[in-house]
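The values are calculated or read from the model by the stated rules, or taken from the named source; none is laboratory data. It should be emphasised that the depicted structure is a prediction, and the values quoted were computed from it without experimental measurement. Neighbour counts run over all protein chains shown; Cβ positions are idealised from the backbone, glycine included. Note: accessible area is taken over every heavy atom of the protein model, side chains too, but ligands, DNA and RNA are not part of it. Shrake-Rupley method; radii C 1.70, N 1.55, O 1.52, S 1.80 Å.
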Amino acid sequence: MCGLVGIYSAAGAPVDGSALRRMSGMQRHRGPDDQGIRLFSLTKGSSAEVDAVSPAGDPSGLEGGLGFNRLSILDLSPNGHQPMTNDDATVIIVLNGEVYNAFEQRPGLEADGFRFRSSSDTEVCLRLYERHGFEGMLQRLNGMFAIAIVDLRIGALWLARDRLGIKPLYWCEVNGALLFASEAKAFLGYPGFERTIDPDRVDEYLAYRYCAWDGHLLRGVQQIPPGGWMRFAPDGQRRGIYWTVPERSPAPDPSFSAALDGLEERLGRSVRMQLLSDRKVGCQLSGGVDSSIVNLLAVRQAGANMDAFSIIFDDPKFSEEPWINEAAETAGVRSHRFVLTPDDVVGSFERCTWHLDRPITHPNSIGIDHLARSASAHVTVLLSGEGADEVFGGYNRFLWGTLRRQLRPFHHSLRGIPGLGAWLTGKFGDLDRMDDTDWFILQSGVRRLDLLAAARPEGRFDEPARQRRALFAEGSGSFLQNCLKYDLRTYLVDLLIRQDKMTMAHSLENRVPFLDHELVEYVRNLPERFLVSASARVDQLRTRGTKILLRKLALRYFNSRFVYRPKVGFTMPLQAYFRHPRFRELMEDVVLPGMRQRGLLRASEVERLWRTIDVVDPETSEVFWSYVALEIWARQFVDGQGSFAAAPLAAVAG
């Protein structure tokens, strides 16, 4: 787990080594163990490793450069140094992430005559590229990664991101130069990069709390999409997709018991592979079913002495501590709990915004940061349960979306029943005016569009909805299969970015066993009745109707009371934060004055909500939080104000 940066000028302009070092320095937290810089020329076919700190002595006439900050996980020796080259230095690679099946690939490469200088997964990827080419290499990798490869033999630069989007990779073009990095903040260190906001992305952010697929709030900044690649060369650029969430094949249905055994085998293998590390590994433990299964399987694979880390709250309404106790005892892990207080949240708001690269839309991102900061004193790698809900159908919106389609023929009759009609409308919306796709997309967005319209009258909130509908339409399976695919490609990717940025802020690697792509492909081929129930029975409307197969697996380890309790999620006590004196000071002295000057939002409307914040409903509180988060982010990334925005640039200047 590390951070990569790069610059390449297709026009042949010499690379600015000082700018490359500044960009690399902005990501130092991602890799404190080692740092490397290598300049290259695709036209001359040459490269040179240079000093990572000083530009003195940089060779002239090279139009590209790679920078790397290393967090040593596999092969802690200098042999794992990056940028890494092949034997004659004609191929250069930087790899952020982990390739879990790297050492399964190594014997075949050795049989083909390749000799290894290290025991790192990066060198295996390098040799796979030499043997099979870029796409051939990608098809053979199982892991989480962002990769850049420079091939001086053919004059090309390749970029790629892992299949599910676990590791981020951003890029942009500035004055003819391609910039790419693990974190968008690195671009702030490049001369000529314009700190401007894309207004269309503001509407998307407000309506959905993140920018989907390849977007970013900073104008001109894009992401390599999950499963995507790009190729840059003097003659132009190309891009493509080497993997996408698969549709279900027409193979015969397995029995439920066979599917359950297959899931246990594959998930166990994924956990075993992801325990691979030369540094100490622990687990996140929320007390939910997903992370509890990961903890138990990790102990079974690794033996005793596994550490688990949890966030708890003083307020019992938000605390999952009783379930954490039960999960830890059943799994047999050493449990570490860290209390998250309003002081912690308010005090970390600005710092976490800086590390996330975008507004802290979900305040539970600060909880992940607090857990990572505390856990980093004990371990360097964490396994988490992220991704299970999207793969197995764990959110209630999957169940309600299935039932909505069944109720459609009867809703005119049912809505006339006193009490039932209002409940149906509140749960399923207007079945006459809103189709099932629009309804589902809205479930992971902001439903109070009236609040958004009041705060941003010029907003075009229908446009991001249209774009998401187009993403949804790329699915060619059943409605439920398309819902799952949509969430895997949108909502999940945002969750993964938050996990990456908040853990890497403390040089801590987060791994996600549920997102082994072979496991995802296996689940995608199962009958949907193994995932989400089509029954309208009362007991199915609680928890037995979602994540069916995974809950049955959990029953092999935990009791039914634990497995079938209502889903809570990582809920945060927002009102306690709003009442905090430091938050009030932040609002009056920074946020409201900034909004009045910036003009992205109608400050008078935000102030109106602020004056009544003690009595607003939870959904309004969440929308209000997003307004504040947007201004805090803009102040740092657009205005360059605040200690977190200024300090990294000053630290690496010159």
Study note, to complete from the structure: Cross-link reach from LYS317 to lysines, straight Cα distance under 27 Å and at least 8 residues apart if same chain, gives LYS427, LYS547, LYS567
**Study point:** Answer label for percent of Cα pairs over 40 Å apart (calculated), chosen among [x] 52; [y] 28; [z] 34
**Key:** [y]
**Study point:** Heavy-atom surface of region 87-195, accessible at 1.4 Å and reported per residue (Å²)
**Key:** 29 Å²
Point to revise | Sorted peptide list for 439-447, 188-196, criterion being average Cβ within 10 angstrom, highest first | key: 439-447, 188-196
**Study point:** For HIS336, residues with placed amide H under 5 Å, excluding near neighbours
**Key:** ALA308, PHE309, SER310
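Let a ≥ b ≥ c be the square roots of the eigenvalues of the Cα gyration tensor of region 105-219; is it rounded (a/c under 1.5), or, if not, prolate (a/b larger than b/c) or oblate? Numbers along the way, then the final one.
On the way: a/c = 3.18, a/b = 2.01, b/c = 1.58.
Prolate, since a/c reaches 1.5 and a/b exceeds b/c.
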Check your understanding: What list of ³J(HN,Hα) values in whole Hz, one per residue of region 101-107 in order, does the Karplus curve 6.51 cos²θ - 1.76 cosθ + 1.60 (θ = phi - 60°) give from phi, with Gly and Pro shown as x?
Key -> 9, 4, 7, 6, 7, 5, x
Point to revise | Nearby lysines by direct alpha-carbon distance to LYS501 (threshold 25 angstrom, same-chain neighbours under 8 apart not counted) | key: LYS167, LYS185, LYS280, LYS485
Check your understanding: Counting only protein heavy atoms and using a 1.4 Å probe, what share of the accessible area of the chain belongs to carbon plus sulfur, as a whole percent?
Key -> 50 percent
Review point. In whole Å, how far is the Cα centre of region 166-190 from that of region 321-372?
Key: 28 Å
